[in-house]
Structure formats: C-alpha cells, structure tokens
1. Within the bounds of segment 104-127, is there any residue that is within 22 Å of the chain's Cα centre (by Cα), at negative phi and surrounded by 15 or more Cβ atoms within 10 Å (Cβ to Cβ)?
2. Take the residues in segment 66-97 that are within 9 Å of the chain's Cα centre (by Cα) and of a type in the set (Phe, Trp, Tyr); name whichever of them is nearest to Leu146 (Cα to Cα).
3. Can you name every residue in segment 128-166 that is over 30 Å from Leu34 (Cα atoms) and loosely packed, with under 14 Cβ neighbours inside 10 Å?
Amino acid sequence: MIDGSGPAPGAPVAEASPRGLYAKLKLHILHPDLGPENVAWSFAIGLAVAFNPLLGLHTALILLFCALFRGLHRPLMFIAAFINNPWTMVPIATASAYLGNFIRGRGMHLDLSTIHWREIGWRSFVTWHGFEAMHEMLRPVLKSYLYGGMLLSLLAIPAGYWAMLMLARRLRRIHFHSHGGTHGHAVPDEAGPGDAGETGGSPEKPAR
C-alpha cells in the first residue's frame, strides 16, 4: 500500500555520502569551485612538502602555503603532504639519503645503521637540545640526505601537477557525461571561470 510518504516523481534524490578513501578523494578532485589546474597545483605543492627533507615541519609548511596562496584546495594539500607519514617516513628518508649520496658522486655505499629516522620530530627543530641530537645523529649522512630530499621535493612538483591534472580532467569528463552531459557542451575542465561547466549553472542551448 502506497502511503504517499516517498519522494514525488521527478524529485531530486540526495546522493549517499561516499564510502571509501578513493570515493572521498574523488569529491576533493571534483570540487565544483576549483578548476583542474587549481586542483593539480594543490596536489603538487602538498607532494613537494611530503618529500621535503625537513622532517617535523610538514604541517607548518602546509599552513604557510595555505596562507600564501589563495584559490587552492587546502584539504588536498594536506592529503598529499601526509603521504609522508609514520609508515612511509623511513623509506622516503632512506631514498633521499641514497639519492643524495649518488648525485654527490659517492655511489650507493652509505651506512644508515646509526640513523633512527623516527626519533626526528618537531622538537628536533624547535628546541636546542633536540636540534643538537638530530644534527649529531644525521651528521654522517646530512649533506646526502638534504641534497636528495631537496631534489625529490623539486621533482615532485611537475610530477604531481601533471599526474593530478590528467586525473582531474578525466574524472570531470566521466562525471559530466554520467550526470546528463550531452554532446556539444563544454566539459567542466574546458569551460572558462564564468561558464556553466565550472559554476554548475544551466548550459546554454545549442544554436539551431
């Protein structure tokens, strides 16, 4: 028996909240107020911070970039920066040290047995005792680690930008066509700032 409590025919149905990490990431990438270039720059800056060799200062750096640059997706910057986390910090730091040693012409012969990466935190930069302890521990590999980390951080900018730009454009095309897009209209990433593709307004009718 129909009690009339259901939605009226043709009424919009609220979409269920996304489940899963990838579904939530897609929502950030498909941000309606930001173009693919803004999304790509947000991810690239965050990824550069992730590979930055100054361990313990990643959150502070992201907050600084958020204050300096407008029109970027701040949550996406944090997501990219936290690619460097307690589970990935040791592999990233080790790769930085070996890369730095290699570009200094010293090959891959590097002793990291005395380096305890997980002991480095924000106290290592804001207290004199922590800074001295960190410097003493890293002194045998400090130059190699800094050179390698800086190089990875610089390379992360173009790599992160182009990878996210292609992903953002692809996801927007798929999203547009799956939500009633018709042939002949501009997809969101191809429309200008005032066009319907970016603002969510009604697209203009094609000329007859």
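1. no
2. Among those that are within 9 Å of the chain's Cα centre (by Cα) and of a type in the set (Phe, Trp, Tyr), it is Phe82.
3. The answer is Trp128, His129, Phe131, Glu132, His135, Glu136, Arg139.
None of the figures in this text is laboratory data; all of them are computed from the coordinates on show. Quick caveat, the model's predicted, so the values are computed rather than measured. Using ideal geometry, Cβ is built from the backbone for each residue, glycine included, and neighbour counts are taken over all protein chains shown.
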